[in-house]
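A short reminder: the numbers here are calculations on the coordinates, not readings from a lab. Quantities reported herein were computed from a predicted structural model and do not represent experimental measurements. No Cβ is skipped: glycine too gets one built from the backbone with ideal geometry, and neighbour counts run over all protein chains shown.
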Amino acid sequence: MEFIKAFLISDLPPGSRKVAQLPGRKVLVVNIQGQIFAVDNACPHMRFPLNQGRITEDCGLICPFHHSAFDLKTGNVKEWSPWPPGFGPVLARMSREHALPIFSVKVEDGYIWISQLPVRNA
């Protein structure tokens with residue numbers, strides 16, 4: 001597995017987040033109490049950026065646009081966009097659940113390194 005040097009660990013203190021640029025995509029990196037998680041920065045629902053989403057105490061990430069909730073550890077959907085039923089076929093196609101791609105992270109030589117490819121794709 002190839003890793004890319006993202007940034008200094010000191011640039012991501014506990015409770016913070018930062019977006020790293022990888023070839024062809026942006027990755028949201030989050031430090032929750034010293035645990036570092038990296039996920040695709042685009043919500044699989046409508047591809048809007050997740051970096052302004054709310055981080056929950058249980059390592060969840062809430063999309064700021066559609067309120068879909070994801071587990072930062074696994075990328076799994078905790079709650080999909082809560083649209084009411086009956087919005088028609090277009091919204092039904094857009095509302096299929098998709099997990100969030102996650103990336104391996106390692107800390108080495110004072111830097112955060114992120115796997116070049118996701119370890120789990122949506």
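In a shell of Cβ-Cβ distance under 11 Å around Val39, excluding Val39 itself, what net charge do Lys and Arg (+1) and Asp and Glu (-1) give?
Local net charge: +3.
Would you list Ser68, Ser10, Ser16 from fewest to most Cβ contacts within 10 Å? Walk me through the numbers on the way to the answer.
Values: Ser68 24, Ser10 9, Ser16 12.
With the fewest neighbours first, Ser68, Ser10, Ser16 line up as Ser10, Ser16, Ser68.
Under the rule of at least 5 residues apart or a separate chain, name every residue whose amide H is placed under 5 Å from the amide H of Tyr111.
Result for Tyr111 returns Ile9.
How long are the semi-axes of the equivalent ellipsoid of segment 1-57, defined as square roots of 5 times the Cα gyration tensor eigenvalues? Whole Å, largest first.
So the three semi-axes of segment 1-57 are 18, 16, 9 Å.
Taking the beta-carbon count within 10 Å as an exposure proxy, list Leu61, Leu117, Leu12 from fewest neighbours to most. The partial results should precede the final answer.
Values: Leu61 25, Leu117 15, Leu12 19.
If I rank by nearby Cβ atoms, fewest first, I get Leu117, Leu12, Leu61.
What is the sum of charges, Lys and Arg at +1 and Asp and Glu at -1, for the other residues whose Cβ falls under 13 Å from the Cβ of Asp11?
On the way: positive: Lys5, Arg17, Lys18; negative: none.
Charge balance in the 13 Å sphere: +3.
Please say if segment 16-87 is rounded, prolate or oblate, where rounded means a/c under 1.5 for a ≥ b ≥ c the square roots of the C-alpha gyration tensor eigenvalues, and otherwise the choice is prolate for a/b larger than b/c and oblate otherwise? Could the numbers behind the result be given before it?
Working: a/c = 2.33, a/b = 1.43, b/c = 1.63.
Verdict is oblate for segment 16-87.
Ignoring GluC sites (Glu not before Pro) that are buried or in helix or strand per DSSP, and keeping those with at most 10 other beta carbon atoms within 10 Å, what is the longest stretch of the chain between them?
Within the chain, the longest run free of exposed GluC sites (Glu not before Pro) spans 58-122.
What shape does the chain take by its C-alpha gyration tensor, where a ≥ b ≥ c are the square roots of the eigenvalues and a/c under 1.5 counts as rounded, a/b above b/c as prolate, and the rest as oblate?
Prolate.
What's the extension gain from Val119 to Ser104 if we count 0.36 nm per residue and subtract their Cα-Cα distance?
Working it through step by step, the gained length comes to 4.8 nm.
Using the Karplus curve 6.51 cos²θ - 1.76 cosθ + 1.60 with θ = phi - 60°, work out ³J(HN,Hα) for each residue of segment 53-60 in order, rounded to whole Hz, and write x for Gly and Pro.
x, 7, 9, 9, 5, 9, 6, x
Multiply the residue gap between Lys26 and Glu2 by 0.36 nm, knock off their C-alpha separation, and tell me the result in nm, one decimal place. Before the final figure, lay out the partial values.
Working: separation 24, 0.36 × 24 = 8.64 nm, distance 1.64 nm.
Gain on extension, Lys26 to Glu2, equals 7.0 nm.
Sequence-distant or interchain residues sharing an amide H contact under 5 Å with Gly75, placed H: which?
It is none; the list stays empty.
Kindly write out, for segment 105-115 in residue order, the coupling ³J(HN,Hα) from the Karplus curve 6.51 cos²θ - 1.76 cosθ + 1.60 (θ = phi - 60°), rounded to whole Hz, with x marking Gly and Pro.
So the J values, rounded to whole Hz, are 10, 9, 10, 8, 6, x, 10, 8, 10, 10, 4.
Which is the longest stretch in the chain that no exposed loop site breaks, taking sites as trypsin sites (Lys or Arg not before Pro) with a DSSP loop state and at most 15 other Cβ atoms within 10 Å?
Details: sites that count: Arg47, Lys73, Arg96.
The answer is 1-46.
Give me Asp58, Asp71, Asp109 sorted ascending by neighbouring Cβ count inside 10 Å, so fewest comes first.
Fewest-to-most ranking of Asp58, Asp71, Asp109: Asp109, Asp58, Asp71.
Tell me, what is the percent relative contact order of the chain, built from C-alpha pairs under 8 Å that lie six or more residues apart?
Dividing the mean separation by the residue count of the chain yields 27 percent.
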